[in-house]
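Here's the structure, in structure tokens; my notes come after.
Every read-out reported here was derived from the displayed coordinates using simple, explicitly stated rules and does not represent laboratory data. In this text the structure is predicted, and so the values were computed from the model without any measurement. All Cβ positions, even for glycine, are placed from backbone atoms using ideal geometry, and neighbour counts span all protein chains on display.
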Amino acid sequence: MDNFASLDPVLVLTIKFAFFALISSFVNMLFQYASFAVYEGFLSLYLAMLLGTSAGLTSKYILDKKWIFNYTPVNNKDDAKKFFLYSSMGILTTIIFWVTEMAFYYLSPHPDAKYFGAIIGLAIGYIIKYYLDKQFVFIQ
């Protein structure tokens, strides 16, 4: 391989997308883990998922906007509108992620199973979300 410029653009995009999905998944899991470290009482799973989702969504938006879709907002209002659309496209994929995480949490006796379920749900959701974002948010 001579250089990255000779790589297939689809392969480069796929590698970047997977790498950013890993970063955002790590951010999500880190916030969930921190949430459980602070509080493990009533509804702690749902609080952790909400905090993790918020952190992961924000990091993924920042990375996708610049490095996947090459989008530069015109101003803060434009950026807020894109973030709203981006977040809206994530409703279905968040449901997939949360249901998968909860299934592992409730169906497995292992206390860390929820993280495995979360990673599976995030992977499925991120793939679906890419196509939604490409068609409805970052229209090219």
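Can you give the local net charge around Tyr86? Use residues other than it whose beta-carbon is closer than 9 angstrom to its beta-carbon, Lys and Arg +1, Asp and Glu -1.
On the way: positive: Lys60, Lys65, Lys82, Lys129; negative: Asp64, Asp133.
Neighbour charge sum, excluding Tyr86 itself: +2.
With the cut-off at 19 Å, report for segment 79-131 the share of all Cα pairs above it, as a whole percent.
On the way: 480 of 1378 pairs.
The calculated P(r) of segment 79-131 puts 35 percent of pairs beyond 19 Å.
Give me the lysines in straight-line cross-link reach of Lys134: C-alpha distance below 17 Å, same-chain residues under 8 apart excluded.
Filter leaves Lys16, Lys60, Lys65, Lys66, Lys81, Lys82.
Per 5 Å bin from zero, what fraction in whole % of the C-alpha pairs of segment 25-67 is there, up to the bin with the longest pair?
Distribution as computed: 6, 29, 26, 18, 10, 6, 4, 1 percent.
Roughly what angle does helix 9-38 make with the longest principal axis of the chain, taking Cα atoms, 0 to 90 degrees, to the nearest 10?
Tilt of helix 9-38: around 30 degrees.
Along its principal axes, what span do the Cα atoms of segment 4-136 show, with the longest given first and each in whole Å?
Answer, in whole Å and largest first: 47, 36, 23 Å.
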